[in-house]
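The values are calculated or read from the model by the stated rules, or taken from the named source; none is laboratory data. Since this is a predicted model, take the numbers as computed values, not measurements. Cβ placement follows ideal geometry from the backbone for every residue including glycine, while neighbour counts extend to all protein chains displayed.
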Amino acid sequence: MRIILSPQAEKSLRHLTKIDQIAIAQKIRSLRDSNIHLNEEKLKGYRDVFRIRVGDYRIVYRQQKQIVYIILISHRKDIYRILRQMMS
């Protein structure tokens, strides 16, 4: 499975601390393996958009057949506001 990060997700990831970057990178890598249960949740009001918790951060992504597109990585207090602005 191929993983693609949006430019905004890459920028957000670069601005995090190293510990948070490592934790998020591990979680993103685990998206490739479909056998691992990640406690993902589908976001209401969006078509085929899911989120995964990583501590105080959230990874919002869209999954298609062989591609996982990471839309946004942000702190839990900001992510849903930013996502609404992006998707409208």
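Could you say which residue among Ile59, Ile52 is free of Cβ contacts under 8 Å to residues at least 60 places away in the same chain, part of a strand (DSSP E or B) and touching an Asp or Glu at 6+ places or on another chain (Cβ under 8 Å)? So that I can check it myself, show each step before the final result.
Working: Ile59 fails: touching an Asp or Glu at 6+ places or on another chain (Cβ under 8 Å).
Among Ile59, Ile52, only Ile52 is free of Cβ contacts under 8 Å to residues at least 60 places away in the same chain, part of a strand (DSSP E or B) and touching an Asp or Glu at 6+ places or on another chain (Cβ under 8 Å).
Which residue is modelled with the highest pLDDT, if the candidates are limited to the stretch 1-47 and must be under 11 Å from the mean Cα position of the chain (by Cα) and part of a loop (DSSP other than H, G, I, E, B)?
The residue in question is Ser6.
Could you say whether any residue in the stretch 59-81 is surrounded by 15 or more Cβ atoms within 10 Å (Cβ to Cβ), among the acidic types (Asp, Glu) and over 10 Å from the mean Cα position of the chain (by Cα)?
The answer is no; no qualifying residue exists.
Take Ile73 and tell me if it is of a type in the set (A, V, I, L, M, F, W, C), modelled with pLDDT of 95 or more and either more than 17 Å from Met1 (Cα to Cα) or outside any loop (DSSP other than H, G, I, E, B) (or both). Lay out the reasoning, then the answer.
Details: of a type in the set (A, V, I, L, M, F, W, C): yes; modelled with pLDDT of 95 or more: yes; either more than 17 Å from Met1 (Cα to Cα) or outside any loop (DSSP other than H, G, I, E, B) (or both): yes.
Answer is yes for this residue.
Out of the residues in the stretch 58-88 that are touching a helix residue (DSSP H, G or I) at 6+ places or on another chain (Cβ under 6 Å) and of a type outside the set (A, V, I, L, M), state the one that is nearest to Leu16 (Cα to Cα).
So, considering only residues that are touching a helix residue (DSSP H, G or I) at 6+ places or on another chain (Cβ under 6 Å) and of a type outside the set (A, V, I, L, M), the one nearest to Leu16 (Cα to Cα) is Ser74.
Being over 16 Å from Ser12 (Cα atoms) and basic (Lys, Arg) is the filter; apply it to the stretch 38-58 and report the residue that is surrounded by the most Cβ atoms within 10 Å (Cβ to Cβ).
In the first step, residues of the stretch 38-58 are kept if they are over 16 Å from Ser12 (Cα atoms); the result is 38-50.
Next, only the ones that are basic (Lys, Arg) stay: 42, 44, 47.
Working: Lys42: 10, Lys44: 6, Arg47: 8.
Per the criteria, the residue is Lys42.
Kindly check whether there is at least one residue in the stretch 21-37 that is surrounded by 14 or more Cβ atoms within 10 Å (Cβ to Cβ), hydroxyl-bearing (Ser, Thr, Tyr) and touching a residue at least 24 places away in the same chain (Cβ under 8 Å).
No; the residues of the stretch 21-37 include none that is surrounded by 14 or more Cβ atoms within 10 Å (Cβ to Cβ), hydroxyl-bearing (Ser, Thr, Tyr) and touching a residue at least 24 places away in the same chain (Cβ under 8 Å).
How many of the residues making up the stretch 22-54 are under 27 Å from Ser88 (Cα atoms) and touching a helix residue (DSSP H, G or I) at 6+ places or on another chain (Cβ under 7 Å)?
Residues in the stretch 22-54 being under 27 Å from Ser88 (Cα atoms) and touching a helix residue (DSSP H, G or I) at 6+ places or on another chain (Cβ under 7 Å): 4 in total.
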